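The values are calculated or read from the model by the stated rules, or taken from the named source; none is laboratory data. No experiment lies behind these values; they were computed from the predicted model shown. Cβ sites come from the backbone with ideal geometry, for glycine too, and all protein chains shown count toward neighbours. Surface areas here come from the heavy atoms of the whole protein model, side chains and all, with no ligands, DNA or RNA. Shrake-Rupley method; radii C 1.70, N 1.55, O 1.52, S 1.80 Å.
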Amino acid sequence: MTSEIDNEYRPKFHFTPARNWMNDPNGLVWHKGEYHLFFQHNPFGKEWGHMSWGHAVSTDLINWEELPVAILEGEEGMIFSGSAVSVGDELIAIYTLHTGNNQSQCLAISKDNGRTFIKFEGNPVLDLGLEHFRDPKVFKYKNHWIMVVVKAEERLACFYSSNDLMNWKFESEFGNVGATGGQWECPDLFPLNIDDEEVWVLIISLNPGGIRNTSGTQYFIGDFDGKTFVPRYSTEEPRWFDYGSHNYAGVTFNNEPNNRRIFIGWLNSWQNGSPIQTSWTGAMTIPRELGLAKVNGEIVVTQHPICAATYELVIDVPTSGVVGLKGFATVGYNADTRTIFVEDYDAPYQPKDGKLHLKVIVDRTSVELFTGDGTCCITLALFPPLGSSRELTTFTQ
Ligand code: FRU
């Protein structure tokens, strides 16, 4: 029975581990010709536990080869989320060590392209003695390193700097704004350009407190000078990165060779789990290239899937009613409410220049809807009954 269920629900082009539990993407980095996708993994079961870093590599971000576990939990504790940087021939992982009541930041070094890691003997490299201090994202800024890491319960993103990855200097913190109805987790911070101007994006996942109070991801647009993040717009209302409930803990690649900013999220939420008895639990979103656009005079983040859409709709904007695709799921645009939707999730969207452009990515257990301009998306994990067709057909209503 398991193999029948596996065949039916194994995604065709979304990464899943061969077996056992997976959550957050970790250590996304391009290093010596390969994209590395490490991930929160329980090598021993289909439930969360024994957290370690699983590992997969790819040259095109779509076809992944899973490799043996890269960083295994040890007697010292579990290996929580973090990032990786490419330093010459070495790949260096910066992760959170989780013990019963303490979370600290640690290093592990690989000299064989991420196949094996040795935990740094000087660990931890950053320990405040806090119970909820985790998910370091480290990246190169000018000639040194910056780490953004969260005090999860205090809803704070903390910025540190370092010359050597071992000694970290506190610079500033930012938080308690936007969505604050859950723990802040998995921060990311990076620059993007629009109209020849550099703008910084701070991504913060939070759980719960997202759309429908599930796990969710928000972002802030601002400026960063190596020390302080200053938002450009009001932070009273959250800006959602995704209007579905299943795009969580997502972060972007370091060292992308074509200077693209590529994002991958965990295609799930802490409230969802997997209702189906497959050999694995959890999938990743399709990788998305991030950019910026202006909507109503304000800069917003755009997301474009890096693969061709399964379905694409380009039509004159209807003046009323609903247009879309239906089958095991219903997706589309509602002209009366000016929203795009997947099932009963919707997002405000105003098509421009009289054209409606929707891209839909359908796999065995997911639907991702993007607007053609990338300004809006909805990601949902779906497990239709055994035997359901995944084909969608157009409809108007
Ligand atoms: C986010 C998260 C992280 C943590 C990891 C543990 O989903 O809770 O904050 O490092 O998962 O698996």
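In this simple spin-label approximation, His144 and Ser389 carry label points 7 Å from Cα along the Cα→Cβ vector, and these lie 6.1 nm apart. According to the square roots a ≥ b ≥ c of the eigenvalues of the Cα gyration tensor, what is the shape class of the chain, taking rounded for a/c under 1.5, prolate for a/b larger than b/c otherwise, and oblate for the remainder? Taking the square roots of the gyration eigenvalues as a ≥ b ≥ c, the chain is oblate.
Annotation: for a label point projected 7 angstrom from Cα along Cα→Cβ of Tyr233, residues of region 283-307 with backbone N closer than 14 Å are 292-303. Computed over neighbours whose Cβ is under 10 Å from that of Phe229, the net charge equals -3, Lys and Arg +1, Asp and Glu -1. Computed across region 42-116, the Kirkwood radius stands at 13.3 Å (inverse of mean 1/r, all Cα pairs). How much of the pair distance distribution for region 95-191 lies past 19 Å, counting alpha-carbon pairs only, in percent? Roughly 43 percent, rounded to a whole number. Taking label points 7 Å from Cα along the Cα-to-Cβ direction, Ser172 and Lys355 give a separation of 4.1 nm. The figure for His246 is an accessible area of roughly 20 square angstrom, using a 1.4 Å probe on the protein chains alone.
Gyration tensor analysis over the Cα atoms of region 257-381 returns equivalent ellipsoid semi-axes of 25, 20, 12 Å (largest first, whole Å).
Relative to the current alpha-carbon distance between Arg338 and Glu153, full extension at 0.36 nm per residue lengthens the span by 63.0 nm. Using R0 = 45 Å, the C-beta based FRET efficiency linking Asp196 and Asn7 works out to 0.35. The relative contact order of the chain, computed from alpha carbon pairs under 8 Å that lie at least 6 residues apart in sequence, is 13 percent. Calculated accessible area for the chain comes out at 40 Å² per residue, all protein chains present (probe 1.4 Å; ligands, DNA, RNA ignored). In loop segments of region 1-80 as defined by DSSP, the GluC sites (Glu not before Pro) with at most 10 further C-beta atoms inside 10 Å of their C-beta are Glu75. Note on the chain: helix-only mean residue ellipticity at 222 nm, from DSSP H runs of 4+ residues weighted -39500 (n - 2.57) and normalised by residue number, equals -500 deg cm²/dmol.
Among the GluC sites (Glu not before Pro) in region 162-263, those located in a DSSP loop and surrounded by at most 15 other Cβ atoms within 10 Å of their own Cβ are Glu236. A simple rule links phi to the HN-Hα coupling: the Karplus curve 6.51 cos²θ - 1.76 cosθ + 1.60 with θ = phi - 60°, which for region 141-155 gives 10, 6, 9, 9, 9, 10, 10, 10, 8, 10, 8, 4, 6, 8, 6 Hz, with x for Gly and Pro. Computed over protein heavy atoms with a 1.4 Å probe, the carbon and sulfur contribution to the accessible area of region 34-156 reaches 49%. Take a quick pass over region 62-209 and tell me how many lysine pairs come in under 25 angstrom between Cα atoms, counting only ones 8 or more apart or on separate chains. Pairs that pass both the separation and distance tests number 14.
Extending 7 Å from the Cα toward the beta-carbon at both Val295 and Leu128 defines two label points whose distance is 3.2 nm. Taking other residues whose beta carbon is less than 11 angstrom from the beta carbon of Glu90, and scoring Lys, Arg as +1 and Asp, Glu as -1, yields 0.
Taking Trp64, Trp184 and ordering them by how much accessible surface each has at a 1.4 Å probe, largest first, produces Trp64, Trp184. Of the residues Lys137, Lys142, the one with the largest accessible area comes first in the ranking Lys142, Lys137, computed with a 1.4 Å probe on protein heavy atoms. Residue-wise HN-Hα couplings along region 330-343, as the Karplus relation 6.51 cos²θ - 1.76 cosθ + 1.60 with θ = phi - 60° gives them from phi, are 10, 9, x, 10, 10, 6, 6, 9, 6, 9, 9, 8, 10, 6 Hz; Gly and Pro carry x.
So between Asn213 and Thr99, what do we pick up on full extension, going 0.36 nm a residue minus the alpha carbon distance?
Here the segment from Asn213 to Thr99 would lengthen by 38.3 nm.
Rolling a 1.4 angstrom probe over region 319-394 with all protein chains present gives an accessible area of which 47% lies on carbon and sulfur atoms. Across region 162-309, the convex hull enclosing all Cα atoms gives 167 Å³ per residue. Look at the alpha carbon pairs under 8 Å that are at least 6 residues apart: their mean separation over the length of region 145-277 gives a relative contact order of 18 percent.
Fully extending the segment from Asp223 to Cys307, taken as 0.36 nm per residue of separation minus the present Cα-Cα distance, adds 27.2 nm.
Close amide H contacts of Ala70 (hydrogens built in the peptide plane, cut-off under 5 Å, sequence separation of 5 or more or a different chain): Trp53, Gly54, His55. Taken as Cα centroids, region 271-334 and region 165-215 sit 22 Å apart, rounded to the nearest whole angstrom. With K and R counted +1 and D and E -1, the other residues having a Cβ less than 12 Å from that of Lys111 yield a net charge of -1. For the residues Ile286, Ile306, a 1.4 Å probe over the protein chains yields an accessible-area ranking, largest first, of Ile306, Ile286. The amide H of Leu292, built 1.01 Å from its N in the peptide plane, has Thr302 as neighbours under 5 Å, considering only residues 5 or more places off or on other chains. Quote the relative contact order of region 1-111 in percent (integer), defining contacts as alpha-carbon pairs under 8 Å separated by 6+ residues. Normalised by residue count, the contact order of region 1-111 is 19 percent.
Region 44-62 and region 341-387 have Cα centres separated by 26 Å.
If you wrap the Cα atoms of region 258-299 in a convex hull and average its projected area over all directions, you get 5.3 nm². The H on the amide N of Ala283, modeled in the peptide plane, is under 5 Å from the matching H of Leu267, each at least 5 residues off or on a different chain.
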